[in-house]
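The values are calculated or read from the model by the stated rules, or taken from the named source; none is laboratory data. Everything quoted here is computed from the prediction, not taken from an experiment. All Cβ positions, glycine included, derive from the backbone under ideal geometry; neighbour counts span all protein chains shown.
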Amino acid sequence: MKKNALKQQITAAIQACLEKKAEELSILEMEKGSGAFTDYFVLCSGTNPRQVQAIADEVELRLKNADLRPAHVEGYKQAEWVLLDYVDFVVHVFSEKARKFYDLERLWKSAKRLEPSDLRAIPRTRKIEPKLVSPKKKKKKMKVRKAS
């Protein structure tokens, strides 16, 4: 998959998490050869089971609209740790308690930590020629007449 397309998908997942008020958002870029089965982890927390499910639902909906469906989903009914596997990246939505217990950031401490701004696709720039304005085409000021 192209890197820019992947970054756009991850950005969409992050936006979905933030829209549902996810807390402690973290993005990990996994090292090549680290044994990780994916390229990126997106981790966040919800404050209660309904919010955990709402975050997972919004991620799925947002990515489904972009024709991307998870290869696998785990933990939705229990809503302690919902895992949405999109092959090239995995979204983990935790309860606060499960997040502390599993501590994936410590487990994958060799992974590079990213900010959402790091995932913005680099747009292709096109050289734009500046428009020159002829001095004769300057706008004339109109005089306002007073009514008597």
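Looking across region 74-111, the residues that are in contact with a Leu (Cβ under 9 Å, 6 or more places away or on another chain), of a type in the set (D, E, K, R) and either modelled with pLDDT of 95 or more or surrounded by fewer than 12 Cβ atoms within 10 Å (Cβ to Cβ) (or both) come down to Glu74, Arg99. Of Ser45, Ser26, all but one fail to be closer than 22 Å to Asn4 by Cα, surrounded by 14 or more Cβ atoms within 10 Å (Cβ to Cβ) and in contact (Cβ under 8 Å) with a residue 40 or more places away in the chain; the exception is Ser26. In this entry, Gly33 passes the filter for residues that are more than 16 Å from Gln15 (Cβ to Cβ), at pLDDT below 90 and either buried (at least 19 other Cβ atoms within 10 Å of the Cβ) or of a type in the set (Gly, Ala, Ser) (or both).
Quick one: would you say Ala66 is in contact with a helix residue (DSSP H, G or I) (Cβ under 7 Å, 6 or more places away or on another chain) and either at pLDDT 95 or above or surrounded by 14 or more Cβ atoms within 10 Å (Cβ to Cβ) (or both)?
For Ala66, the condition - in contact with a helix residue (DSSP H, G or I) (Cβ under 7 Å, 6 or more places away or on another chain) and either at pLDDT 95 or above or surrounded by 14 or more Cβ atoms within 10 Å (Cβ to Cβ) (or both) - is not met.
Restricted to region 14-64, and to residues that are more than 14 Å from the chain's Cα centre (by Cα) and among the hydroxyl-bearing types (Ser, Thr, Tyr), which residue is farthest from Leu104 (Cα to Cα)? Of everything passing the filter in region 14-64, Thr47 is farthest from Leu104 (Cα to Cα).
Would you mind stating whether Glu60 is crowded, with 19+ Cβ neighbours inside 10 Å and either without any contact (Cβ under 8 Å) to a residue 40 or more places away in the chain or not β-branched (Val, Ile, Thr) (or both)? When the stated conditions are applied, Glu60 passes them.
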